[in-house]
Amino acid sequence: MRHDKKFQYNMSDRKIILNVDQLKLTITRLSSEIIENHIELIDKCAIIGMQPRGVQLSQQIHTMLEYETGYSVKYGLLDSTFFRDDFRRREDVIIPNKTNIEFSLEGLNVILIDDVLFTGRSVRSSLDALVSFGRPNSVELLVLIDRRFSRELPIQPKYIGKSIDVIENEHVVVNLDGNNSSVILLNEKS
Amino acid sequence: MKHLSVNHLLGIKYLNKDDINLIFHLANSFKEVLNRPIKKVPTLRDLTVANLFFESSTRTRISFELAQKRLGADVVNFSAGTSSLSKGESLIDTANNILAMKVDVIVLRHSNPGAAEFLSNHVKSVIVNAGDGSHEHPTQALLDAFSIREKLGSIKNKKVLIIGDVKHSRVALSNIFCLQKLGAKVRVCGPSTLIPKYLNKLDVEVSHNLKESLEWCDVANILRIQLERQKNNFFPSNREYAMLFGVNQELLSSLSQDILLLHPGPINRGVEVTSDVVDSHNSIVLNQVENGVAIRMAILYLLAAKIKR
């Protein structure tokens, strides 16, 4: 809803990075990695989806974690608008999405989830916003797509769906709607 | 979604429906922030706000100051009693002197209608009107409408009654503008001496029958009798006012439906409303106060977003 610029895409110049089946495998693998690392303290874990685009992925991973482990896993959504570093630097005012964390993060192992990691600035603001809910024991980052060599801050995910090299005018579009799920690379019309 | 259509908050008169809805959307987010263990965000940390209060205030001043501090802004406070105003300094000079100390936003309360607009034309700063005489009190109207919306789901087609001293009330005028822009029907009720004549131009119904009006409405906003402005004897006595226009439990119990009660404060218990009513489940007075901080954070955020770096 907020920082989506209206890009014109060259639709013939699109490349599928992950198709439906590959996506399913990747999300299952990411969930398994979380279980592998946290199975003994799964009740001390919290899955936090980053607004707006980490929401769907975090929901799917959370559902899978609960299904596979049989435990209830804490879940919340975080919007970091008020902690961003570009206030008064954008043309439009930044409109926040909903934050919904109904428990304290004090002492929990937080797994922060977003779809695409690009500059790392959203993750930076999310880390600041998280602390408002208590001091977590640890914070790990999970992303579906890691756009390598585009980082502007020293941020590195622990769980990565797929790492890709993308040039500046290419855009990664993640769609997680059922049978139409895919990750594609679009080339912005010059 | 772009920006607010205005650069200052001078009155509800200048806002459109989209502006009001944008303010409400942000207020919802800030309300969530205010319920976090750490209720502070750093968004306005590079801005300084001056609260210039030339008229006394408790609620509004504290609410604004909290809103500013929770947004991370630096805050300076000024109140008329302790200032150079008593040495004869003009409003523009006072404001410009404060601005020379690099202040970005001025929140102004003043007893003269139009003071905020006047200042906005003469000094280079964002101006927020925190009440100008009997003219407007926009943040109060916004928090009132926000509180009604929160309880009833929507303002559209709701019937809102404003009771009491409409003539001296900035809350009344701002409320009328705000509620009408959101699609509510507005009626005022009070002694004829306290109902200004211009109201018929604002598409507002006027009644002098409290019981019938309470039966008509979904929401009643009870105004404070401004005891300090009653030197001209607009009504014979507080006791008579309480008997004819005071809201009491007996009156509420006789109604065919439950109504929501608001009061902008400070309350004269036993005059415009009885104590048991203020403390009853119908009253959302404390919700109004809580929402006030969120509404003011929303306004400061949206106006600050327009300040060029």
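The values are calculated or read from the model by the stated rules, or taken from the named source; none is laboratory data. Remember, it's a predicted structure, so these values are computed and weren't measured experimentally. As a convention, Cβ positions derive from the backbone with ideal geometry for all residues, glycine included, and neighbour counts pool all protein chains shown. Protein only, heavy atoms only, side chains kept; ligands, DNA and RNA dropped before computing areas. Shrake-Rupley method; radii C 1.70, N 1.55, O 1.52, S 1.80 Å.
Which angle between 0 and 90 degrees, to the nearest 10, do you get for helix B:17-33 versus the longest principal axis of chain B when only C-alpha atoms count?
Around 80 degrees separate the two axes.
Give me, ordered by chain and number, the residues 5 or more places off residue A:162 or on other chains with an amide H under 5 Å from its own placed amide H.
Amide H to amide H, under 5 Å and 5 or more residues apart or across chains, residue A:162 pairs with A:145, A:146.
So what's the net charge close to residue B:77: Lys and Arg +1, Asp and Glu -1, counting the other residues with Cβ under 12 Å from its Cβ?
Result for the neighbourhood of residue B:77: +1.
For the protein assembly as shown, report the translational diffusion coefficient in µm²/s to the nearest whole number, using Stokes-Einstein at 4 °C, 1.567 mPa s, and a Kirkwood Rh over Cα pairs. Before the final figure, lay out each step's value.
Details: Rh = 25.5 Å.
The diffusion coefficient I find is 51 µm²/s.
Report relative contact order for the range B:148-218 in percent, whole number only (criteria: Cα-Cα under 8 Å, sequence separation at least 6).
Values: 100 pairs, mean separation 25.1, N = 71.
Across the range B:148-218, relative contact order equals 35 percent.
Determine the shielding of peptide B:32-44 by partner chains: average, over its residues, the number of Cβ atoms on other chains within 10 angstrom of each Cβ. The partial results should precede the final answer.
On the way: counts 6, 6, 0, 2, 8, 8, 5, 1, 2, 7, 8, 7, 3.
Mean inter-chain Cβ contacts per residue within 10 Å come to 5.
Note the buried accessible area between A and B here, summed over both chains, with a 1.4 Å probe, in Å² to the nearest 100.
Working: alone 10950 and 14130 Å², together 22960 Å².
Approximately 2100 Å² gets buried when A meets B.
Just how much of residue B:181 is accessible, in Å², when a 1.4 Å probe is used and the result is rounded to the nearest 10?
Only protein atoms counted, so the area is about 60 Å².
Just subtract the alpha-carbon distance of residue B:203 and residue B:80 from 0.36 nm times their residue separation and send over the number in nm, one decimal.
Values: separation 123, 0.36 × 123 = 44.28 nm, distance 3.69 nm.
Roughly 40.6 nm would be gained on extension.
Select from B:200, B:238, A:179 the residue farthest towards the positive end of the dipole of the protein assembly as shown; place +1 on Cβ of Lys and Arg, -1 on Cβ of Asp and Glu, and compute about the Cα centre.
Farthest along the dipole direction, towards plus: B:200.
Heavy atoms only, 1.4 Å probe, whole protein assembly: order A:159, B:198 by accessible area, highest first.
Largest accessible area first, the residues go B:198, A:159.
Calculate the tail of P(r) for the range B:115-194: the fraction of all Cα-Cα distances greater than 17 Å, expressed in %.
On the way: 1613 of 3160 pairs.
Summing the P(r) of the range B:115-194 above 17 Å gives 51 percent of all pairs.
Using only the Cα atoms, what convex hull volume per residue in Å³ does the range A:21-166 have?
114 Å³
Working with all protein chains in place, sort B:301, A:75 by solvent-accessible area computed with a 1.4 Å probe, largest first.
A:75, B:301
Relative contact order of chain B: what whole-number percent is it, with Cα pairs under 8 angstrom and at least 6 residues apart? All intermediate terms of the calculation are to be shown ahead of the outcome.
Working: 561 pairs, mean separation 62.8, N = 309.
Relative contact order comes out at 20 percent.
Can you give me the C-alpha center-to-center distance between the range A:97-163 and the range B:142-190, rounded to a whole angstrom?
43 Å
Which whole number in µm²/s is D for chain B by Stokes-Einstein, with the Kirkwood Rh taken over Cα pairs at 37 °C and 0.692 mPa s?
Details: Rh = 19.9 Å.
Estimated via Stokes-Einstein, D reaches 165 µm²/s.
Treating only the Cβ of Lys, Arg, Asp and Glu as charged (+1, +1, -1, -1), what charge dipole size does the protein assembly as shown show about its Cα centre? Round to the nearest 20 debye.
Working: 62 positive and 56 negative charges, 247 e Å.
Result for the protein assembly as shown is approximately 1180 debye, rounded to the nearest 20.
Quick check on the range A:36-103: take the gyration tensor over C-alpha atoms, sort the square-rooted eigenvalues as a ≥ b ≥ c, and tell me if it's rounded (a/c under 1.5), prolate or oblate. Could the numbers behind the result be given before it?
Details: a/c = 3.23, a/b = 2.76, b/c = 1.17.
Prolate is the answer for the range A:36-103, as a/c is 1.5 or above and a/b outweighs b/c.
Per DSSP H run of at least 4 residues, take -39500 (n - 2.57); add these up for chain B, divide by its residues and hand me the 222 nm value, nearest 500 deg cm²/dmol.
Numbers: 11 runs with 117 residues, N = 309.
After summing the helix terms and dividing by residue count, I get -11500 deg cm²/dmol.
Rounded to the nearest 20 debye, what is the charge dipole size of the range B:138-288 about its Cα centre when +1 sits on each Lys and Arg Cβ and -1 on each Asp and Glu Cβ? Each step should come with its number before you reach the end.
Values: 18 positive and 15 negative charges, 123 e Å.
The dipole magnitude comes to about 600 debye.
For chain A, what relative contact order do you get, as a whole percent, if you take Cα pairs closer than 8 Å and at least 6 residues apart? Could the numbers behind the result be given before it?
Details: 349 pairs, mean separation 51.3, N = 190.
About 27 percent, as a whole number.
Helix A:55-69 versus the longest principal axis of chain A: what is the Cα-based angle in degrees, 0 to 90, to the nearest 10?
It is inclined by approximately 40 degrees.
Once the Cβ-Cβ distance between residue B:56 and residue B:307 is put in as r, and R0 is 30 Å, what FRET efficiency do you end up with, to the nearest 0.05? Provide the component values of the computation, followed by the final result.
Values: r = 29 Å, r/R0 = 0.97.
Calculated transfer efficiency: 0.55.
Can you send over the solvent-accessible area of residue B:224, 1.4 Å probe, protein chains only, in Å² to the nearest 10?
Surface open to solvent at residue B:224 totals about 50 Å².
Given labels modelled 7 Å from the Cα in the Cβ direction, how far is it in nm from residue A:32 to residue A:177?
3.0 nm
How tilted is helix A:20-38 with respect to the longest principal axis of chain A? Cα atoms for both, answer in degrees (0 to 90, nearest 10).
Approximately 30 degrees, to the nearest 10.
Summing Lys, Arg as +1 and Asp, Glu as -1, what charge do residues with Cβ under 14 Å from the Cβ of residue B:7 carry, residue B:7 excluded? Intermediate values should be presented prior to the final figure.
Working: positive: A:88, B:2, B:124, B:306, B:308; negative: B:19, B:104, B:117.
Summing Lys and Arg as +1 and Asp and Glu as -1 gives +2.
Which FRET efficiency value, to the nearest 0.05, is calculated for residue B:101 and residue B:40 with the Förster distance at 35 angstrom and r the Cβ-Cβ distance? Kindly include the intermediate steps, with their values, before the conclusion.
On the way: r = 24 Å, r/R0 = 0.68.
Here the calculated transfer efficiency is 0.90.
For chain A, give the magnitude of the charge dipole about the Cα centre (Cβ charges: +1 Lys/Arg, -1 Asp/Glu; no others), in debye to the nearest 20.
Numbers: 24 positive and 27 negative charges, 101 e Å.
My answer is approximately 480 debye.
Given the options A:51, A:110, A:77, identify the residue whose Cα lies farthest towards the positive end of the charge dipole of the range A:21-166 (+1 on Cβ of Lys, Arg; -1 on Cβ of Asp, Glu).
Working it through, the farthest residue towards the positive pole turns out to be A:51.
On the full set of protein chains, 1.4 Å probe, figure out the accessible area of residue B:151 and give it in Å² to the nearest 10.
Here the residue's solvent-accessible area equals roughly 100 Å².
Using only the Cα atoms of the range B:199-309, each taken as one equal point scatterer with no solvent, compute I(q) by the Debye sum, divide by I(0), and report log10 of the ratio at q = 0.10, 0.19, 0.23 Å⁻¹.
The Debye formula, applied to the Cα set alone, gives -0.40, -1.07, -1.32.
My understanding is that a pair violates if its Cα-Cα distance is over 26 Å; which of B:2/B:201; B:40/B:159; B:13/B:124; A:98/B:185 do that in this structure? Display every interim value, and only then the final one.
Numbers: B:2/B:201 32 Å; B:40/B:159 36 Å; B:13/B:124 22 Å; A:98/B:185 31 Å.
As for pairs spanning more than 26 Å Cα to Cα, those are B:2/B:201; B:40/B:159; A:98/B:185.
Please work out the Cα convex hull volume for the range B:138-288 and give it in Å³ per residue. Working shown, then result.
Details: hull volume 15.1 nm³, N = 151.
Roughly 100 Å³ of hull volume per residue.
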